[in-house]
1. Just to verify a number: FRET efficiency for S188 and V62, C-beta to C-beta distance, R0 = 25 Å, to 0.05?
2. At q = 0.14 Å⁻¹, what is the base-10 log of I(q)/I(0) for segment 30-189 according to the Debye formula with one equal point scatterer per Cα and no solvent? Please give it to two decimals.
3. Quick check: pseudo-label points 7 Å beyond the Cα along Cα→Cβ at K210 and I160, how many nm apart are they?
4. Under 14 Å from the Cβ of R190, count the other residues' Cβ atoms, weight Lys and Arg +1, Asp and Glu -1, and hand me the total.
5. How far apart, in nanometres, would the label points at N72 and S24 be if each is projected 7 angstrom from Cα along the Cα-to-Cβ direction?
Amino acid sequence: MGHHTGRAISNADQMRMVRVNRISSRSDLFPRLIAMQKLADAQGFAVFRVTGSGVPAKQRLVCELENWGSSNAAFGKAFVDAYGEALLEHIDRSLLPLFWAASHDRAAPGPIDFSPFMVRLKDGLVPFSGLAFPVRLGAVGNGFVLFTGDDIDPQNDTIIELHGRCCNVMMDLLSLDERRAAATEALSEREIACLQLAGDGRISEEIADKLGLSVHTVNAYLGSATIKLDSVNRIQAIAKAIRLGYIS
C-alpha cells in the first residue's frame with residue numbers, strides 16, 4: 001500500500017452542502033465519486049446495489065456505476081464472482097467496511113489500528129485491492145460503494161467520512177429511482193406521446209396533426225408533463241424524459 005498523503009478531508013458543512021444539491025441524473029454523481037476516490041487514494045470506484053427478493057439466495061449484486069474503463073470491463077464480474085456471496089451475507093448482519101488485498105499487494109487497505117472496525121475478505125481473488133462500504137437503506141436501496149487500487153491507505157477519520165458520503169450516494173440513487181417511478185405513474189400515454197414528438201423536433205401544430213388533437217390540447221399535455229417532471233420549460237422536460245428513459 002502507498003503511504004498516507006496527508007490530504008485534508010472536508011468538514012461537515014461541506015458534506016451537508018452536497019446533500020442539499022438535488023441531482024437530476026446518475027451522471028451528477030460522478031464528480032462526487034471521483035472526489036471520494038481521490039480522498040481514498042484509489043484508482044477507481046464502483047457502486048453495486050442489491051437486487052432481488054428479500055430471500056438471500058435470490059439476491060444478487062448489480063453494478064450501477066463504475067469508472068474502471070473498457071480495458072477493465074471484466075472487473076465487475078470478477079468481483080461479484082469472488083466476493084458477491086460474502087457481501088450479501090455481510091450486509092444482512094453488519095455495516096462495517098470490508099477490505100481485501102490483491103495477490104501482488106502485500107499490505108491491506110486502511111490503517112492497522114482501525115482494522116478491528118473493518119472486516120477482511122479473502123485476499124488474492126481479484127487483481128485489485130480495495131475497500132467496500134456497505135449501505136443499508138431498508139427493503140430497497142441497499143448496496144456497496146467500492147474504491148479500488150494498489151495505494152489505498154486512508155486515515156481513520158477519512159474512512160468514517162467516506163462511509164458517510166457513500167450513504168449519501170446510495171440515498172441519491174434511491175431518490176432518483178423513486179422520482180422516476182413517480183413520474184412513470186403520473187405521465188399519461190398522451191403526455192408521453194407529445195413529449196416524444198416534441199423531442200423529435202415537431203412543433204405543436206405538427207404534433208396536433210399527427211395525433212389528431214387540437215393545438216390547445218397538445219400544449220396542455222406538454223404543459224402538464226412539464227409540471228409533473230418538475231421542469232421549468234418544455235426543453236428541460238424533454239431532456240429529463242430522455243434521461244429517465246421515458247422517450248428516446
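1. Working: r = 30 Å, r/R0 = 1.22.
According to the calculation, E is roughly 0.25.
2. Log10 I(q)/I(0), no solvent term: -0.68.
3. Distance between label points: 5.7 nm.
4. On the way: positive: K210, K228; negative: E189, E191.
That works out to 0.
5. The two pseudo-label positions are separated by 3.1 nm.
Since every read-out is calculated from the coordinates, none of them should be taken as a lab result. Quick caveat, the model's predicted, so the values are computed rather than measured. For neighbour counting, all protein chains shown are included, and Cβ atoms are generated from backbone atoms with ideal geometry for every residue, glycine included.
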